[in-house]
Amino acid sequence: MDANLFTQIVRKEIYLMENNGIYWNPVLETLPRERLRQLQLKKFKRVVEWVYNSSPFFKKLYSDNGFKLEDPNRYEDIQEIPKTDKGKKAAERRELRARS
């Protein structure tokens, strides 16, 4: 095991013992709400971008609904992303098979 990793694990264990295990990750778990939402939005945008660039299904879903990668600029904008369900995904698969 890497010495640095071992040191980090030991420090975390010591912290948890000293603080009765109140927080696993005190930095993230005690962030002010606004900062937490900024972080969540940043991570959300990263996932949406990856999905958009990796999946023709989601690229089409977003494009058909007028959703652009630049659209979510606020935490509240997350609700505006086009939703899907198993039925839509299954219908897309059937359509692709029918074209083949």
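The values are calculated or read from the model by the stated rules, or taken from the named source; none is laboratory data. Note that the structure is a prediction, hence the values are computed from the model and not measured. Every residue, glycine as well, gets a Cβ built from its backbone with ideal geometry; the counts of neighbours run over all protein chains shown.
A few comments on the model shown:
- Here Leu36 meets each of (1) within 30 Å of Ile9 (Cα to Cα); (2) loosely packed, with under 11 Cβ neighbours inside 10 Å with one exception, condition (2).
- From the options Glu70, Glu92, Glu80, residue that is surrounded by fewer than 10 Cβ atoms within 10 Å (Cβ to Cβ) and acidic (Asp, Glu): Glu70
- Criterion: surrounded by 10 or more Cβ atoms within 10 Å (Cβ to Cβ) and over 29 Å from Gly87 (Cβ atoms) - qualifying residue of Leu61, Leu31: Leu31
- Given (1) modelled with pLDDT under 90; (2) more than 13 Å from the chain's Cα centre (by Cα), number of the condition Tyr62 does not satisfy: (1)
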